[in-house]
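Below: the structure, in structure tokens.
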Amino acid sequence: MIPLSYYLTLSAVVFFTGLVGVLIRRNIIIILLSVELMLNATNINFVAFSFFLSRVMGGPIFAVFVIVLAAAEAAVALAIFLRTF
């Protein structure tokens, strides 16, 4: 069984990779991809804590909600990007 600290370390690495991408890059597409990385890091945390706290459906439900939120954010950002050009 993989310990919780491995999941949290993976999540932290993914989150900080996304954070660096948001803070350093100026390209809007790269910034959106970095925000997606940060949201995926939260999904890893939701599912890992749900598994280790024996709450079977709590984490995956929140993860699906975050995925839907990320898809809506990407659609709105793409529409704004296409409208400006």
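The values are calculated or read from the model by the stated rules, or taken from the named source; none is laboratory data. Worth saying up front: this structure is predicted, and the values here are computed from it rather than measured. A quick note on method: Cβ atoms are made from the backbone with ideal geometry, for glycine too, and the neighbour counts reach across all protein chains shown. Ligands, DNA and RNA are stripped out before the accessible areas are found, and what is left, the full protein with its side chains, is counted by its heavy atoms. Shrake-Rupley method; radii C 1.70, N 1.55, O 1.52, S 1.80 Å.
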- request: Assess whether Ala41 counts as being within 20 Å of Ser5 (Cβ to Cβ), of a type in the set (A, V, I, L, M), surrounded by 13 or more Cβ atoms within 10 Å (Cβ to Cβ) and out of contact with any strand residue (DSSP E or B) (no Cβ under 8 Å at 6 or more places or on another chain).
  value: yes
query: Can you tell me how many residues in region 16-38 are under 22 Å from Phe65 (Cβ atoms) and open to solvent by 70 Å² or more (accessible area, probe 1.4 Å)?
result: 1
task: Kindly list the number of the only condition in (1) surrounded by 11 or more Cβ atoms within 10 Å (Cβ to Cβ); (2) within 21 Å of Leu32 (Cβ to Cβ); (3) not polar (S, T, N, Q) that fails for Phe85.
output: (1)
field: Residues that are at pLDDT below 90 and β-branched (Val, Ile, Thr), drawn from region 35-60
entry: Val56
- line: Residues of region 1-15 being of a type in the set (A, V, I, L, M, F, W, C) and surrounded by fewer than 18 Cβ atoms within 10 Å (Cβ to Cβ), in sequence order, are Met1, Ile2, Leu4, Leu8, Leu10, Ala12, Val13
